[in-house]
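See structure below.
The values are calculated or read from the model by the stated rules, or taken from the named source; none is laboratory data. Bear in mind the structure is a predicted one, so any value in this text is a computation, not a measurement. No Cβ is skipped: glycine too gets one built from the backbone with ideal geometry, and neighbour counts run over all protein chains shown.
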Amino acid sequence: MTVADTLIHYRSARGRWVLLATVLGSSLAFIDATVVNIALPSIGEDLGADAAGLQWTVNGYALSLASLILLGGSLGDRFGRKRIFMIGVAWFAAASLLCGMAPTIESLIGARVLQGIGGALLTPGSLAILQASFSQDDRARAIGAWSGLGGIGGALGPFLGGWLVEAGSWRYIFLINVPVALLVLLVCARHVPESRNPEAAHHFDVAGIVTGAIGLGGLTYGFTAWPMRGPTDPVVLISLALGVAGLAAFVLAERRSPQPMVPLEIFRHRAFSGANLVTFVVYAANGGVFFLFVINLQVVGGFSPLAAGIALLPTTVIMLLLSARSGQLGQRIGPRIPMTVGPLICGGALLMMAMIGPGASYLTDVLPSVIIFGLGLTTLVAPLTATALGSLDDAHAGIASGVNNAVARAASLLAVAVLPLAAGLGSGSLTVADQLQPVYRNTMLICAGLMAGGAVLAFLLIPNRIQKPTPARTFCDPCSPPMPSAHDAVRSGR
């Protein structure tokens, strides 16, 4: 079976199944990174956990996920993206079952660490499968649809979690992952083609794995502990220093390795490096927005938790409706224009959000900025993701996705830790209206500046046209079920 015969057309039935599997799989990891916050009070009461135990319930997951996400992308390229994705989904389901059955806070923390490992295996694979499975003309649209549908999962997750906690028990927010994971595994087994890089070595780059995990893990823990401990705390300083040293050692290890986990030559591609720089800047801004916007609506604006929680829902709806078309547009006119215009639109929306204060009306003060923000993200996200993956050949789809995910997560963590301090929080509180209001306003202005910087970087670094990757060397499993080629699918109208 040739590679051309295994490429999926976006409008085919199989294309829709592949999209469903990747969206549901990635949503498992994304939702669990946030929905557990809703259950923390119930977890603390039920298990008798102190503040440190609850903090590690959140941090344990983030730490293992961020530390190993590069490894997950590399393993997919080497041993099969479908295979590693399915292992990650099954691992995540088993760890979720352990979370739901945890008798103590210590066992829950351990299960959450295991969940993060599963998330690190499945997260890069979802986008890598799209990149390697869909035909060249359909990839941008598929990635756009993935972005929009994933946003729906992110928006519904907190509501589902809150309902499960109130209707039953905090344990249900973990146990519900099991049937969803089983559905993903079933769809993958029947419909998702296998792909890998046949030139990748099948032995482990131990030095790269260890130094990469130390680097990403140190930075993740340092940034996570920063808001609670302060920037001068020895634990924070040591963690950040260890993270920087680990990443430096990682670069040296990969440069010397004959078969590196992350081939450094991928960063010589201007579009790939540029897309990841833009990702870092705009996702730092997004991290600040999503962290403080809802808090400000409640503490300063006087909104109820439910009203604040659904305030950003129009953004999600807009992304769902328009992301696939945005991906198509970026493919037709090139990514530079949408990646330049999108952050500028977001920046304008953030200037409007900065004005939200006491007594704000949702219809006149909040909704217009939320709609504009959604239009900006829709313009930006699909072309950005497609460029980060499409600027390399298909053989590196997994590691390209892993790098881009790691950059986005590091940026968001950094934003949550640093932006409130940079905005003047000092020793103030995020739950006191008079102290939060100026911090929120300054943060939104800083984030607007970051968006403008992302637009400048995109204009300078992203080419008007992405050169087509070198001919795909992706291996497609001849034992996978046969499927029509993209040409046949188009001809048959599927």
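Looking at (1) within 19 Å of the chain's Cα centre (by Cα); (2) buried (at least 19 other Cβ atoms within 10 Å of the Cβ), can you tell me which one Leu313 breaks?
(2)
Out of contact with any Pro (no Cβ under 7 Å at 6 or more places or on another chain), within 22 Å of Phe85 (Cα to Cα) and not β-branched (Val, Ile, Thr): does that describe Ala411? So that I can check it myself, show each step before the final result.
Details: out of contact with any Pro (no Cβ under 7 Å at 6 or more places or on another chain): yes; within 22 Å of Phe85 (Cα to Cα): no; not β-branched (Val, Ile, Thr): yes.
Judged against the criteria, Ala411 is not a match.
Given the condition over 30 Å from Ala423 (Cβ atoms) and either outside any helix (DSSP H, G or I) or of a type in the set (A, V, I, L, M) (or both), answer yes or no: does some residue in the stretch 225-239 qualify?
Taking every residue of the stretch 225-239 in turn, none turns out to be over 30 Å from Ala423 (Cβ atoms) and either outside any helix (DSSP H, G or I) or of a type in the set (A, V, I, L, M) (or both).
I'd like the full set of residues that are modelled with pLDDT of 85 or more and outside any helix (DSSP H, G or I), limited to the stretch 312-323.
none
Does the stretch 272-281 contain at least one residue that is surrounded by 17 or more Cβ atoms within 10 Å (Cβ to Cβ), over 18 Å from the mean Cα position of the chain (by Cα) and within 18 Å of Ala395 (Cα to Cα)?
no
Residues of the stretch 367-383 being aliphatic (A, V, I, L, M) and out of contact with any Gly (no Cβ under 8 Å at 6 or more places or on another chain), which ones?
Leu367, Val370, Ile371, Leu375
I'd like the full set of residues that are part of a helix (DSSP H, G or I) and at pLDDT below 75, limited to the stretch 1-34. First the steps, then the outcome.
First, the residues of the stretch 1-34 that are part of a helix (DSSP H, G or I): 3-6, 13-34.
Result: Val3, Ala4, Asp5, Thr6, Ala33, Thr34.
Determine whether the stretch 251-258 contains at least one residue that is modelled with pLDDT of 90 or more and crowded, with 24+ Cβ neighbours inside 10 Å.
no
Which residue pairs have Cβ atoms closer than 7 Å, lie 6 or more positions apart in sequence or on different chains, and pair a first residue in the stretch 349-373 that is in contact (Cβ under 8 Å) with a residue 40 or more places away in the chain with a second residue that is in a helix (DSSP H, G or I) and charged (D, E, K, R)?
Every condition considered, the pairs that remain are Ala354/Arg441; Ile356/Asp365.
For Val58, only one of the following conditions fails: (1) farther than 30 Å from Phe134 by Cα; (2) modelled with pLDDT of 85 or more. What is its number?
Val58 satisfies all of (1) farther than 30 Å from Phe134 by Cα; (2) modelled with pLDDT of 85 or more except (2).
What number goes with the only condition from (1) more than 24 Å from the chain's Cα centre (by Cα); (2) part of a helix (DSSP H, G or I); (3) of a type outside the set (Lys, Arg) that Phe250 does not pass?
(1)
From the list Val341, Val366, Val432, Val370, which one is modelled with pLDDT of 80 or more, within 26 Å of Thr224 (Cα to Cα) and either of a type in the set (A, V, I, L, M) or not assigned by TED's automatic domain parsing to the domain that holds Leu247 (or both)?
Values: Val341 fails: within 26 Å of Thr224 (Cα to Cα); Val366 fails: within 26 Å of Thr224 (Cα to Cα); Val370 fails: within 26 Å of Thr224 (Cα to Cα).
One residue alone meets the criteria, Val432.
Taking the condition surrounded by 23 or more Cβ atoms within 10 Å (Cβ to Cβ), under 19 Å from the mean Cα position of the chain (by Cα) and of a type in the set (S, T, N, Q), does Ser67 pass?
yes
State yes or no: is Val366 over 23 Å from Gly144 (Cα atoms), of a type in the set (A, V, I, L, M, F, W, C) and crowded, with 21+ Cβ neighbours inside 10 Å?
Spelling it out, Val366 is indeed over 23 Å from Gly144 (Cα atoms), of a type in the set (A, V, I, L, M, F, W, C) and crowded, with 21+ Cβ neighbours inside 10 Å.
Starting from residues that are buried (at least 23 other Cβ atoms within 10 Å of the Cβ) and out of contact with any helix residue (DSSP H, G or I) (no Cβ under 6 Å at 6 or more places or on another chain), keep the ones in the stretch 378-395 and report whichever is modelled with the lowest pLDDT.
That would be Ala395.
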